1. Does residue B:152 satisfy the condition of being acidic (Asp, Glu) and modelled with pLDDT of 95 or more?
2. Looking at this structure, is residue A:76 over 16 Å from residue A:159 (Cβ atoms), free of Cβ contacts under 8 Å to residues at least 12 places away in the same chain and not in a helix (DSSP H, G or I)?
3. Would you point out the residue of the range A:1-57, among those that are in a loop (DSSP other than H, G, I, E, B) and among the hydroxyl-bearing types (Ser, Thr, Tyr), that is farthest from residue A:259 (Cα to Cα)?
4. Can you tell me which residue in the range A:167-185 is surrounded by the fewest Cβ atoms within 10 Å (Cβ to Cβ), limited to those that are part of a loop (DSSP other than H, G, I, E, B) and in contact with a helix residue (DSSP H, G or I) (Cβ under 8 Å, 6 or more places away or on another chain)?
5. How about the range B:32-53: which of its residues are surrounded by fewer than 19 Cβ atoms within 10 Å (Cβ to Cβ) and either within 14 Å of another protein chain (Cβ to nearest Cβ) or over 27 Å from residue A:233 (Cβ atoms) (or both)?
6. Report yes if some residue within the range B:90-100 is outside any loop (DSSP other than H, G, I, E, B), polar (S, T, N, Q) and at pLDDT 95 or above; otherwise report no.
7. Of the residues B:182, B:172, B:187, which is surrounded by 17 or more Cβ atoms within 10 Å (Cβ to Cβ), outside any helix (DSSP H, G or I) and under 16 Å from the mean Cα position of the chain (by Cα)?
Amino acid sequence: MSAVAEAIAGGVLPGRVWMYSNYHCNLACAYCLTESSPHAERRELAADRMREIAVEARALGFTDLGVTGGEPFMLPWLPETLAELADVLPLVVLSNATLFPPARIERLAPLAALPAAIQVSLDHADPEPNDALRAVHNFATVVDAIPRLVERGLRVRIASTVDPDRPQSDEERTRLCELHRRLGVADEDHVVRPIVRRGRARTGGLGVDPLPGDLPAELTITCDGAFWSPFAPTVQGGRLDTDLLVTRTTQPLATPAAALLRLVQGRPPGSDADLGIR
Amino acid sequence: MTVASAAGVPLVDGDQAPLLARPYYASGDPGPIVAALAHVPEILDAAMPFISVILGPSSIVVRRKELVILRTSARLGCRFCVNAHTVVAADAGLSREELRALRGEAPLEDVFVDTTERAILRWVDAVAGAGPVASTERDALGSHLPTHEVVELTMLIGATMMLNRFCTALELPTASATAGRLDELDLR
């Protein structure tokens, strides 16, 4: 068993490797970690590189993959690549679910037979508070897309990012859960997490300041290097944050994996979950 | 926490220090070499222990090592390293006249009379120059020092040259504390 596999089995290291497929996005959400927008630099990982990372990750003993951005579905080639990745390891891809015309959902259909999930952002049960932090008509677009994905057999998860300074009431949370069930998303596929005060959220004074122990040490590969967590390669004022950079080297994946393992060794299992940032 | 600016590259300050670099910032300003290398933390992580072993305390007395470092840095024209190691060498007990000679501001032969030290300085000049290194110089040094010290001093010259070019190319700025000491020594 490799050192990574042992660390994962022992609960020292999370099993998922994340990839930042790109940094640009069709939206410009108020709490975006990466200051993504239609005008942000793309900073893509090539499809070939993503496939290599997946294969390397499996060989090292990692158990899962994640793809995030930016909005990954800004990349026209993504659906087929996702299927190839999910053929290597179980996969979750994060999306704002605003770029799912019928033709693209058809191209995603192979994922239905693979261990893959699309994690969609939906923050509130009501359009107004949801759209205030995300985009005009975002709620309506997302609520339209999710059932169409579910209908095609795709597993959908919903991530609700909430402002800890304006916590949702019990009644709001209940209605949000009723909504996701109505859309075809099970309770175990609904995650709620706080806004993390990095990137645009920091500029806007939103969210919680994570301590290093609050962010799971999930190896995260970007075009700029390997980071501690998908919440780490953030951008503020146009500058990439390097405080949670692990290594600039990402190939071979063993290099950042070994460095990350060194960093986490000695931390007790479970110490990464204090704020529930997942 | 900030480190000296006005370098040829932005220097990484404390609040942006990558994880592997953080131990070097724990006591404050880590200096320009660390703050530049912090851009590539895995290189910093490997380079600093190497530099520490090569330039730090070893079986060779500090005086001889500083002869090598300062002379090499002067030959390669590295202002950052000359300034820093003028201070280190002074702290190691070298006289002002010795420092000036090593910096190329006075003839070495007038100051250094010890035959072993002269052989070491000739070896520096041979290794830190370009092209082949004459075996006669290596043999001369070998008649004064055991093989392991010849090997270590040769590695010290090479490592110093690497740092000289790194600091010169990136225009790393002399730390204000070093500049103050140079003023005290009248060797600015």
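1. yes
2. Spelling it out, residue A:76 is indeed over 16 Å from residue A:159 (Cβ atoms), free of Cβ contacts under 8 Å to residues at least 12 places away in the same chain and not in a helix (DSSP H, G or I).
3. Once the filter is applied, the top-ranked residue is A:37.
4. Step by step, filter the range A:167-185, then rank; the result is A:184.
5. Correct list: B:43, B:46, B:47, B:49, B:50, B:51, B:52, B:53.
6. no
7. Only one candidate qualifies: B:172.
Here's the yes/no breakdown for (1) surrounded by fewer than 23 Cβ atoms within 10 Å (Cβ to Cβ); (2) acidic (Asp, Glu); (3) within 12 Å of another protein chain (Cβ to nearest Cβ):
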| site | (1), (2), (3) |
| --- | --- |
| A:193 | yes, no, no |
| A:204 | yes, no, no |
| A:214 | yes, yes, no |
| A:219 | no, no, no |
| A:233 | no, no, yes |
| A:236 | yes, no, yes |
| A:249 | yes, no, yes |
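The values are calculated or read from the model by the stated rules, or taken from the named source; none is laboratory data. The shown structure was predicted, so the numbers you read here are calculated from the model rather than taken from an experiment. So basically every Cβ, Gly included, is an ideal-geometry build from the backbone, and we count neighbours across all protein chains shown.
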